[in-house]
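The values are calculated or read from the model by the stated rules, or taken from the named source; none is laboratory data. This structure is a prediction, so every number in the text was calculated from the model and none was measured. In this analysis, Cβ positions are derived from the backbone assuming ideal geometry, glycine residues included, and neighbour counts consider all displayed protein chains.
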Amino acid sequence: MIPLGHYLFVSAVLFAIGTAGVFMRRNLITILLSIEIMLNAVNLTFVAFGRQLGTVDGQIIVFFVMTVAAAEAAVGLAIVIALFRHRESLNPDAFTSLKW
Amino acid sequence: MLALIPLFPLLGFLVNASFGRRLSKNLSGSLASAVMVASFVVSVMAVVDLAGLPAGERAIEQTVYTWIASGDFVLDLTFRVDPLAAVMILIVSGIGALIHIYSTAYMHEESDREYARYFSYLNLFAAFMLVLVLGANFLVLFVGWEGVGLCSYLLIGFWFRKKSASDAGKKAFVVNRIGDYAFVLGVLLLFVRFGSLDFQRLAGLVSAMPAEEGVFGVISIATLLLFIGATGKSAQIPLYVWLPDAMEGPTPVSALIHAATMVTAGVYMIGRNAVLFSHAPETMMVVAVIGALTALMAATIGLVQNDIKRVLAYSTVSQLGLMFLAMGVGAFGAGIFHLYTHAFFKALLFLGSGAVIHALHGEQDIRHMGGLKRYLPTTYWTFLIGSLAIAGVPFLSGFFSKDEILYETFHEGHTLLWLMAAVTSLLTATYMFRLVFLTFHGERRHDGAGHLHDAPPAMAIVLVILAVGSALAGYVGIPHALGGHHQLAAWLAPSFQPPGSAEGIEAAAEAPAVELTLMAVSSAIAIGGILLASFIWLRRRELADALSRRFAAIYTLLLNKYFVDEIYDAAVVHPIQHGSERALWRGFDVAVVDGAVNGAGTIVAEGSGLLRRLQTGSVRAYAGSMFIGVIVILGYYLWR
């Protein structure tokens, strides 16, 4: 059986990759994808702990997270499309004005 | 029943103030006069009841309700009529009623609305004055005291669209306020020391104490403060400056203020607290000296003024000075006697001058009058009687009362004060007859064309009644030296004694020779003054001009009233205005108050400006701050 530490390490690496992506990429869609990676890193942690502790709580929470992530992706992509129509750009730095 | 006396005029005030603009002039005028007459009738009934009681216990009390009850301290709204208050209510309601009747004709050119406003103020004035004289304790007196101050402001500034009138109203109010401040302090001091505000209780408590001979104890300080209050109300040095300006009001108002109400309040207040003042000889000395100085100073100013009402105003100040002189030398009866006779002839003189002004359509400068005797016979003859009375010509009312003051002053050993009072009498006779001669005698200098109409009936009747009063009012106080019994002094005496000491004052046991001599002297003074006036202003008109040129410096000084207004302006008004502007307005209001408010605004605005920079709109900046925040929190929990 793979020890807990390995799962957590993979999860931490994934989370770091996701975070780096959010900060460093200049494309809104890539940023959304990076957020998905961060979410999945967390999911992995939940599942790993659930298995370690022998309960199903962690797995149930993961289902919730996946549902919310799906919704978030749908809304986020819709916003991205709307933004793109206005500015012909996907660079988040183009969207700094607080009032349209 | 006593409560009815001030209640009637108050009722008149309420009706005229609420519905006056819808009432016709006849209705509001006769209503106002009727309530005054009703008040007078009730006063007479009260006084008749009072006279029915034995001499030692003449006092009728009515407690209307308990005004203040706080722990041990209970204060009732109590009216009390004793011999002194009896004289006062008769003067106030009687002379007041006559002035109301006169006003119905005098003010007839005003619009309905103004007419009702005028009468509502007039009624309120009388109501407050009656409260003042009927109050059985200091607080009730103070209600009236402040009330007449308010009404004087309203009435002096009646024609408030005229700048000088509204200024004069404000001046009267502010000057009175200074005196009232001292008055309140005096009342509080008495309350703290004696725990009571009732006049009789105070008199009883004080009479058990020794007189403060040569020391400045509580009673001296308290009475001195009360006297400062009296100088404000009764126009004495240093607070007399409002009274001559008070003639900006309608003439009957001047008559009311100068004769029946308001200015008599200070004299009355001292008479009411005669026991207190008698226990403070130092204060009494101050009262006497201030009184004599005021009398002399005002008389000299009156000598050169050219406005008919202004001469009369200074004559009031001067006569009030004599009353205070009498109070100060302990001759309370003489002071009240003069107050009583003065009420008649001063009301008569003011109303007479009102008739002259009315006939000349507003002309007040005596240099533009002259020769009116032929056109205004009623006014002339009544005015002449008033002038003879105030000058102190023998066997008219002013003679008896003024003579008594002179005699008492001399009798008490104040020879210098007597001399000042005697000179004042001479000046009084002179300036009054200067007024008479310049106004009514000589050639006509008034160029207004057309027929001059004498006083209309309502005014003429009042003038005649007052003239009869001015001539005969003195006969209630014929001195013993002339074989009289001086009923007024005997009547008033219990009011100046502590309660319970029933013995009447001893009749002056002085050999009548002294009194008769003094009487002859003052008669000679009065007649001499009149002759002097007739010589200067009737026979040799050029002499007056020559004199004023010869003594130009003195003439200018007197004409400008010793520059007292200017001195007050420079010494008090100007510093206060400048201090208010520099320190209070620019210094405190603008710098501190506005500074604090604006500063708070600036801090918020600047702080927001700084914080605003954090909200860039850049999503990654937000995400970065969240990331750093998480790291910090995690770091804290991991490495603490």
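Filtering the stretch A:83-100 down to residues that are surrounded by 10 or more Cβ atoms within 10 Å (Cβ to Cβ) and free of Cβ contacts under 8 Å to residues at least 60 places away in the same chain, which residue is nearest to the other protein chains (Cβ to nearest Cβ)?
If we take residues in the stretch A:83-100 being surrounded by 10 or more Cβ atoms within 10 Å (Cβ to Cβ) and free of Cβ contacts under 8 Å to residues at least 60 places away in the same chain, then A:THR96 is nearest to the other protein chains (Cβ to nearest Cβ).
I'd like the full set of residues that are of a type in the set (Ser, Thr, Tyr) and under 21 Å from the mean Cα position of the chain (by Cα), limited to the stretch B:339-386. Give the steps one after another, and end with the answer.
Let us first name the residues in the stretch B:339-386 that are of a type in the set (Ser, Thr, Tyr), namely B:340-341, B:353, B:375, B:378-380, B:382.
Within the stretch B:339-386, B:TYR340, B:THR341, B:SER353 meet the criteria.
Residues to consider are B:PHE277, B:PHE344, B:PHE332, B:PHE350; find the one that is under 17 Å from B:GLY477 (Cβ atoms) and either touching a Ser or Thr at 6+ places or on another chain (Cβ under 6 Å) or among the hydroxyl-bearing types (Ser, Thr, Tyr) (or both).
B:PHE344
For the stretch B:100-117, does any single residue satisfy the condition of being under 17 Å from the mean Cα position of the chain (by Cα) and assigned to a helix (DSSP H, G or I)? Lay out the reasoning, then the answer.
Taking the stretch B:100-117 and keeping what is under 17 Å from the mean Cα position of the chain (by Cα), we get none.
So far as the stretch B:100-117 goes, no, none of its residues is under 17 Å from the mean Cα position of the chain (by Cα) and assigned to a helix (DSSP H, G or I).
Could you say which residue among B:VAL630, B:VAL619 is touching a helix residue (DSSP H, G or I) at 6+ places or on another chain (Cβ under 7 Å) and within 14 Å of chain A (Cβ to nearest Cβ)? Outline the logic, then answer.
Values: B:VAL630 fails: touching a helix residue (DSSP H, G or I) at 6+ places or on another chain (Cβ under 7 Å).
Matching residue, one of B:VAL630, B:VAL619: B:VAL619.
Scan the stretch B:388-398 and give yes if some residue there is assigned to a helix (DSSP H, G or I) and either free of Cβ contacts under 8 Å to residues at least 60 places away in the same chain or not small (Gly, Ala, Ser) (or both), otherwise no.
In the first step, residues of the stretch B:388-398 are kept if they are assigned to a helix (DSSP H, G or I); the result is B:388-391, B:397-398.
Applying the additional criterion that residues be either free of Cβ contacts under 8 Å to residues at least 60 places away in the same chain or not small (Gly, Ala, Ser) (or both) yields B:388, B:390.
Yes: one or more hits.
Output the number of residues of the stretch B:52-99 satisfying the condition of being more than 18 Å from B:ALA136 (Cα to Cα), without any contact (Cβ under 8 Å) to a residue 40 or more places away in the chain and either part of a helix (DSSP H, G or I) or of a type in the set (S, T, N, Q) (or both).
Residues flagged as more than 18 Å from B:ALA136 (Cα to Cα), without any contact (Cβ under 8 Å) to a residue 40 or more places away in the chain and either part of a helix (DSSP H, G or I) or of a type in the set (S, T, N, Q) (or both) within the stretch B:52-99 amount to 1.
Report yes if B:LYS309 is part of a loop (DSSP other than H, G, I, E, B) and basic (Lys, Arg), otherwise no. Give the derivation first.
Working: part of a loop (DSSP other than H, G, I, E, B): no; basic (Lys, Arg): yes.
No; evaluated as a whole, the condition is false for this residue.
Out of the residues in the stretch B:54-73 that are at pLDDT below 85 and surrounded by 10 or more Cβ atoms within 10 Å (Cβ to Cβ), which is nearest to B:ALA489 (Cα to Cα)?
Going through the qualifying residues, I end up with B:ALA55.
If the requirement is being more than 19 Å from A:THR19 (Cα to Cα), within 13 Å of chain B (Cβ to nearest Cβ), surrounded by 15 or more Cβ atoms within 10 Å (Cβ to Cβ) and in contact with a helix residue (DSSP H, G or I) (Cβ under 6 Å, 6 or more places away or on another chain), which of these qualifies: A:VAL62, A:VAL80, A:VAL47? Steps first, answer last, please.
Values: A:VAL62 fails: within 13 Å of chain B (Cβ to nearest Cβ); A:VAL47 fails: within 13 Å of chain B (Cβ to nearest Cβ).
One residue alone meets the criteria, A:VAL80.
Hey, can you tell me all the residues within the stretch B:362-387 that are touching a Lys or Arg at 6+ places or on another chain (Cβ under 6 Å), in a helix (DSSP H, G or I) and either at pLDDT below 85 or closer than 16 Å to B:ARG310 by Cβ (or both)?
B:HIS368
What tally of residues in the stretch B:606-616 results from selecting those that are away from chain A (no Cβ under 13 Å) and either surrounded by 10 or more Cβ atoms within 10 Å (Cβ to Cβ) or of a type in the set (Ser, Thr, Tyr) (or both)?
3
Looking for whichever is closer than 22 Å to B:ALA421 by Cα and modelled with pLDDT under 85 here; the options are B:ALA524, B:ALA508. Which one fits?
When all the criteria are applied, what remains is B:ALA508.
Taking the stretch A:21-44 as the region of interest, how many residues are surrounded by fewer than 16 Cβ atoms within 10 Å (Cβ to Cβ), under 16 Å from A:ALA74 (Cα atoms) and in contact (Cβ under 8 Å) with a residue 40 or more places away in the chain?
So the answer is 1.
In the stretch B:303-318, what count of residues is obtained for those that are in contact with a Leu (Cβ under 7 Å, 6 or more places away or on another chain) and of a type in the set (Gly, Ala, Ser)? Working first, answer last.
Step one: filter the stretch B:303-318 for residues in contact with a Leu (Cβ under 7 Å, 6 or more places away or on another chain), giving B:303-304, B:308, B:311-313, B:316-317.
Cutting the leftovers down to of a type in the set (Gly, Ala, Ser) gives us B:313.
Qualifying residue count, the stretch B:303-318: 1.
Can you tell me which residues in the stretch B:586-640 are assigned to a helix (DSSP H, G or I), closer than 18 Å to A:PRO92 by Cα and out of contact with any Phe, Trp or Tyr (no Cβ under 9 Å at 6 or more places or on another chain)? Before the answer, list the steps.
Applying the first criterion (assigned to a helix (DSSP H, G or I)) to the stretch B:586-640 yields B:586-612, B:619-639.
Of the ones still in play, those that are also closer than 18 Å to A:PRO92 by Cα are B:619-627.
B:ALA621, B:TYR622, B:SER625, B:MET626, listed by residue number.
Name the single residue that is modelled with the lowest pLDDT among those in the stretch B:450-483 being surrounded by 15 or more Cβ atoms within 10 Å (Cβ to Cβ) and not in a helix (DSSP H, G or I).
Per the criteria, the residue is B:LEU452.
Please go through (1) of a type outside the set (Asp, Glu); (2) within 14 Å of another protein chain (Cβ to nearest Cβ); (3) surrounded by 11 or more Cβ atoms within 10 Å (Cβ to Cβ) for B:ALA570 and return the number of the only condition it doesn't satisfy.
Result: B:ALA570 fails condition (2) only.
Being away from every other protein chain (no Cβ under 11 Å) and either under 21 Å from B:SER618 (Cα atoms) or out of contact with any Gly (no Cβ under 9 Å at 6 or more places or on another chain) (or both) is the filter here; which residues of the stretch A:22-37 pass it? Show your work before the answer.
Of the stretch A:22-37, the ones away from every other protein chain (no Cβ under 11 Å) are A:27, A:29-30, A:32-33, A:36-37.
Within the stretch A:22-37, A:ASN27, A:ILE29, A:THR30, A:LEU32, A:LEU33, A:GLU36 qualify.
For a quick check of your reading: which helices (runs of 4 or more DSSP H) sit entirely within the stretch B:132-235 and have at least 2 residues that are without any contact (Cβ under 8 Å) to a residue 24 or more places away in the chain and of a type in the set (D, E, K, R)?
Details: elements: B:138-156, B:163-194, B:199-207, B:218-233.
Per the criteria, B:163-194.
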